[in-house]
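These notes are about the structure you will find just below.
The values are calculated or read from the model by the stated rules, or taken from the named source; none is laboratory data. Note that the coordinates shown come from a computational prediction; the quantities given were computed from them, not determined experimentally. Quick reminder, even Gly has a Cβ in these numbers, built from the backbone with ideal geometry, and neighbours come from all protein chains shown. Quick note on the areas: whole protein, heavy atoms, side chains included, nothing else; ligands and nucleic acids left out. Shrake-Rupley method; radii C 1.70, N 1.55, O 1.52, S 1.80 Å.
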Amino acid sequence: MSRISDNEVQFVKRPQGQDLQADLTLSTTVQQIIEQVRARGDEALRDFSAKFDRTVPEAFEVSAQEIEEALAGIDPQTRKDSEFAIAQVKRFAQAQLATMQPLEVETLPGVHLGHRIIPIETVGCYVPGGRYPILSAPIMSIVPAVVAGCDNIIACLPPGAHSAMIAICHLSGAHRIFKIGGAQAIAAMAWGTASIPVVDKIVGPGNAFVNEAKRQVFGKVGIDALAGPSEIYIVADDSADPRILAADLLAQAEHDVHTRVGMATTSQRVAQQTLAEIERQLLNLPTAITAGEAWKRQGEIVICKDEEQLIAWADHIATEHLQVHTRDPHGTAGKIRNYGSLFIGQNASVVFSDKCCGTNHTLPTMAAARYTGGLWVGAYVKICTHQWIDDHGIAAIAAPAVRQSRTEGMQAHRRAAEIRLDPQAIDEITAGKKD
């Protein structure tokens, strides 16, 4: 199916455009922060903490006493609910890891190939502070690292983060926790300071500064993905309930004023009723200032002529969270290929994945779902190949390697293959008698 364009569907509501100048300013600011952290280490971290967080911790690393105090201070029911979420995420990550197996195969007689599944040694998990203390955030980035078997799991969170976040970082399995946030935390984990260890890979969502910092340090370290503002899209037919559609759209809209919230439907009635229902629910929503602004800026409703166009539009949007509200949600869902995570049927709200059902809520945004999935246990391991070849294998592969190397003009390659094919040629080759 060819990719659909915006002019092929009917917009009931269009989103506003992006501020490209703001993106350029952001990139420059983050570059300067990274350069300062690289050059001045902890001193720069203290300066940026004072500037951006308006507080400078006595020590960046959270002490054992602080962890005990955070555990003692967490509400008992909140702890139980968090431990429930930890167990759910752990259970699903373990099941995912079980699908990944070491490999040994003899592709030709004597040619033995394989791979190992190796945990990344040190990972840095960024835990956002933000408008709300999102208690599930550390669970999503830390627990899969534990399941994968990473040796060192580092968590960084803003110094002003709620103490419960420290407790949940610990309960999730972080080995060390640091009170440092923003782009400076990403720079510190990528390059290291006197206080912050260098990591091999950085995972976890954050604000625009964190996202840009991850983009700029990629290559020095690995990253999970570049995560923009949260997104939700719903595909619906005339069987959908506008009250539920509106509630789910607003649930994501309250994350941030930049959240993208949208719906595509084959029903003009559902579109209009959902539009009205959103305005009605905003009247008594405690977080209406944020959710309403997000809806005003980024909200969209699209009318598609039939299910085929609805599916094409969903693949075009390639949204972070995709909910399917149709008469046959499993049938519709099975035809869609581009999404971060799929929520099939009326009961499968994004809120359950956001909090505790077990799938990871760190997902691709900005249409990255066209080429990648979300954070999962596989992001914390490396699939590394190996090979060993006996004399029978040499007989099968050396001659083609010699011929290919000669054709390419790579004479050192040719020699390396010939030595294995004809051991008596070693002396002649090294003496320069054979070319």
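Values for this structure:
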read-out: Selection status of Ala417, in a helix (DSSP H, G or I), at pLDDT below 95, of a type in the set (A, V, I, L, M) and open to solvent by less than 30 Å² (accessible area, probe 1.4 Å); value: yes
read-out: His162 over 19 Å from the mean Cα position of the chain (by Cα), over 25 Å from Gln298 (Cβ atoms) and free of Cβ contacts under 8 Å to residues at least 24 places away in the same chain; value: no
read-out: Region 181-204: number of residues that are out of contact with any Ser or Thr (no Cβ under 7 Å at 6 or more places or on another chain) and open to solvent by less than 10 Å² (accessible area, probe 1.4 Å); value: 11
read-out: Out of Thr265, Thr274, sole residue that is surrounded by 23 or more Cβ atoms within 10 Å (Cβ to Cβ), in contact with a Pro (Cβ under 8 Å, 6 or more places away or on another chain) and among the hydroxyl-bearing types (Ser, Thr, Tyr); value: Thr274
read-out: Test for Leu310: is it more than 30 Å from Lys90 (Cβ to Cβ) and open to solvent by 30 Å² or more (accessible area, probe 1.4 Å); value: no
read-out: Qualifying residue in region 205-217 (condition: touching a strand residue (DSSP E or B) at 6+ places or on another chain (Cβ under 9 Å) and in a loop (DSSP other than H, G, I, E, B)); value: yes
read-out: Failed criterion for Leu171 (all others in (1) more than 15 Å from the chain's Cα centre (by Cα); (2) closer than 14 Å to Thr122 by Cα hold); value: (2)
read-out: Residue within region 106-129 that is open to solvent by less than 20 Å² (accessible area, probe 1.4 Å), among the polar types (S, T, N, Q) and either out of contact with any strand residue (DSSP E or B) (no Cβ under 9 Å at 6 or more places or on another chain) or without any contact (Cβ under 8 Å) to a residue 12 or more places away in the chain (or both) present; value: no
read-out: Selection count where residues are under 30 Å from Trp295 (Cα atoms) and open to solvent by 30 Å² or more (accessible area, probe 1.4 Å), scope region 212-224; value: 2
read-out: Matching option when the condition is part of a loop (DSSP other than H, G, I, E, B) and either of a type in the set (A, V, I, L, M, F, W, C) or within 26 Å of the chain's Cα centre (by Cα) (or both), among Val257, Val270; value: Val257
read-out: Pairs where the first residue, in region 244-273, is basic (Lys, Arg) and the second is at pLDDT 95 or above and in a strand (DSSP E or B), C-beta under 6 Å, 6+ apart; value: Arg260/Glu231
read-out: Test: residue in region 274-289 that is within 15 Å of Arg14 (Cα to Cα), in a loop (DSSP other than H, G, I, E, B) and free of Cβ contacts under 8 Å to residues at least 40 places away in the same chain; value: no
